[in-house]
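Okay, structure first, notes after.
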Amino acid sequence: MTNGAERDDDGDEAQGLRKIIHVDMDAFFASVEQRDNPDLRGKPVAVGGAGGRGVVAAASYEARKFGVRSAMPSVTARRKCPDLIFVRHRFEVYQEVSRQIRAIFRHYTPQVEPLSLDEAYLDVTDDIRGIGSATRIAELIRARIREETQLTASAGVSYNKFLAKLASDQNKPDGLCVIRPGQGAAFVQSLPVRRFHGIGPKGAEKMAKLGIATGADLAAKDADWLRQHFGSFGEYLFRAARGIDLRPVRSNRIRKSIGGERTFGEDISDPDALRDTLERIIGIVWERIAEKQAQGRTVTLKLKYNDFQLATRSRSLPHAIPDRQTFARMAREILEDEMPLPMPIRLMGLTLSNLDSDGKEAAEPPQDTAQLSLL
């Protein structure tokens with residue numbers, strides 16, 4: 001494993017394997033605001049709504065030191081950091097900077113899979129510029145981003161997407177990490193499971209109760225045991241704990257929706273219980289939307305009745321849903337229109353769809369709608 005900017009010729013061992021770079025801009029929205037307004041530099045900044053039911057869309061590293069994170073309610077963020085400076089988002093500016101960055105990517109490879117405005121996978125196995133090293137390509141990309149946008153990016157270089165994404169987060173901000181062939185399993189097994197994409201606080205809590213805290217603990221479990229305790233998610237965990245990921249970089253992949261759903265231990269029909277459940281799902285799904293910096297126009301409520309009939313109801317706006325408050329209001333209105341329900345339900349889900357072309361695309365694990373029990 002290589003940290004920092006150490007060079008690497010990628011070695012004979014890498015022959016026949018992919019060369020993948022994951023580039024992730026550092027605190028992108030907040031960094032753009034600090035770049036464009038010198039008065040914000042060096043200060044804790046949050047992009048988002050400051051009052052009421054506002055939510056943090058992005059936080060500067062100065063704000064993160066106080067525990068401020070994206071998707072956090074603004075009231076909570078202000079409590080953690082009384083000097084926090086809120087600025088309204090400027091998506092058109094972020095989109096323009098994102099286009100600049102993607103043009104840099106495509107100078108080195110046509111195989112670019114954007115995940116959001118500020119994040120992408122690049123497959124540089126076919127070295128079209130004759131540079132000779134994936135690590136050197138990552139260095140050149142980071143240098144050009146700094147020169148052309150005055151922003152910093154972190155990058156991970158490895159032989160598959162899962163490892164490259166983990167590596168890009170290893171030395172943030174403004175860092176580079178390389179995981180060479182033969183090092184992937186050891187690297188993954190040294191990490192806490194919370195670093196694995198798709199394992200949130202609840203998933204980590206469930207794993208802790210099963211005696212799993214690290215990638216090594218996961219690797220010690222066989223596939224049958226993981227399937228028994230985590231269902232289809234166990235397949236992903238089995239591969240991830242061994243640093244295995246066979247997915248190609250897909251330059252034409254478009255994510256259709258972002259959402260989540262919850263299956264109940266007992267069927268529910270009480271109106272207050274339904275509303276409370278919806279509020280929890282709204283919070284979790286909006287956190288995913290904010291994390292992926294996605295924009296969409298349609299909210300869909302999914303209900304599965306106790307006879308296993310499935311019903312979906314949607315509402316759309318002519319423009320992107322601007323904030324959590326609007327998203328929540330639309331979801332509540334859909335549910336209220338359906339009540340009283342004809343029978344109890346065993347599952348409720350919520351999705352945002354009709355995403356714009358810059359909405360974040362699917363990553364590990366590859367489900368479009370994750371079970372909330374694993375988030």
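The values are calculated or read from the model by the stated rules, or taken from the named source; none is laboratory data. Here the structure is a predicted model, which is why all the values come from computation and not from measurement. Heads up, the Cβs are rebuilt from the backbone with ideal geometry, glycines too, and the neighbour counts pull from every protein chain shown.
Among the residues making up region 110-155, those that are surrounded by fewer than 22 Cβ atoms within 10 Å (Cβ to Cβ) and among the hydroxyl-bearing types (S, T, Y) are S116, T125, S133, T149, T152. The residues on offer are T76, T2, and the sole one that is surrounded by fewer than 22 Cβ atoms within 10 Å (Cβ to Cβ), hydroxyl-bearing (S, T, Y) and either at pLDDT below 85 or closer than 30 Å to T109 by Cα (or both) is T2. Considering R146, R180, the condition of being touching a strand residue (DSSP E or B) at 6+ places or on another chain (Cβ under 9 Å) and free of Cβ contacts under 8 Å to residues at least 12 places away in the same chain is satisfied by R146 alone. Each residue in region 116-138 was checked for being touching a strand residue (DSSP E or B) at 6+ places or on another chain (Cβ under 7 Å) and closer than 19 Å to P173 by Cβ, and 5 of them qualify. On the stretch given as region 52-73, residues that are without any contact (Cβ under 8 Å) to a residue 24 or more places away in the chain, of a type outside the set (A, V, I, L, M, F, W, C) and surrounded by fewer than 21 Cβ atoms within 10 Å (Cβ to Cβ) total 4.
If you filter region 84-97 down to residues that are assigned to a loop (DSSP other than H, G, I, E, B) and in contact with a helix residue (DSSP H, G or I) (Cβ under 9 Å, 6 or more places away or on another chain), you find that the one that is modelled with the highest pLDDT is L84. Screening L226 against (1) assigned by TED's automatic domain parsing to the domain that holds R324; (2) free of Cβ contacts under 8 Å to residues at least 40 places away in the same chain leaves a single unmet condition, (1). Would you be able to say whether some residue in region 71-79 is among the polar types (S, T, N, Q), in the same structural domain as T109 (by TED's automatic domain parsing) and assigned to a loop (DSSP other than H, G, I, E, B)? No: region 71-79 contains no residue that is among the polar types (S, T, N, Q), in the same structural domain as T109 (by TED's automatic domain parsing) and assigned to a loop (DSSP other than H, G, I, E, B).
Within region 197-242, being modelled with pLDDT of 90 or more, of a type in the set (K, R) and surrounded by 14 or more Cβ atoms within 10 Å (Cβ to Cβ) holds for K221, R227, R239, R242. On the stretch given as region 243-283, residues that are surrounded by fewer than 15 Cβ atoms within 10 Å (Cβ to Cβ) and at positive phi total 0. With the structure loaded, tell me whether S31 is modelled with pLDDT under 95 and polar (S, T, N, Q) or whether it fails that test. No.
Reported count of residues in region 18-47, each being hydrophobic (A, V, I, L, M, F, W, C) and either assigned to a strand (DSSP E or B) or outside the structural domain of G132 (by TED's automatic domain parsing) (or both), is 7. Filtering region 244-270 to residues that are in contact (Cβ under 8 Å) with a residue 40 or more places away in the chain, under 23 Å from L122 (Cα atoms) and within 19 Å of the chain's Cα centre (by Cα) leaves D245, R247, P248, V249, R250, S251, R253, I254, R255, K256, S257, I258. If only residues of region 92-108 that are surrounded by fewer than 21 Cβ atoms within 10 Å (Cβ to Cβ) and not aliphatic (A, V, I, L, M) are counted, the one that is farthest from I128 (Cα to Cα) is E92.
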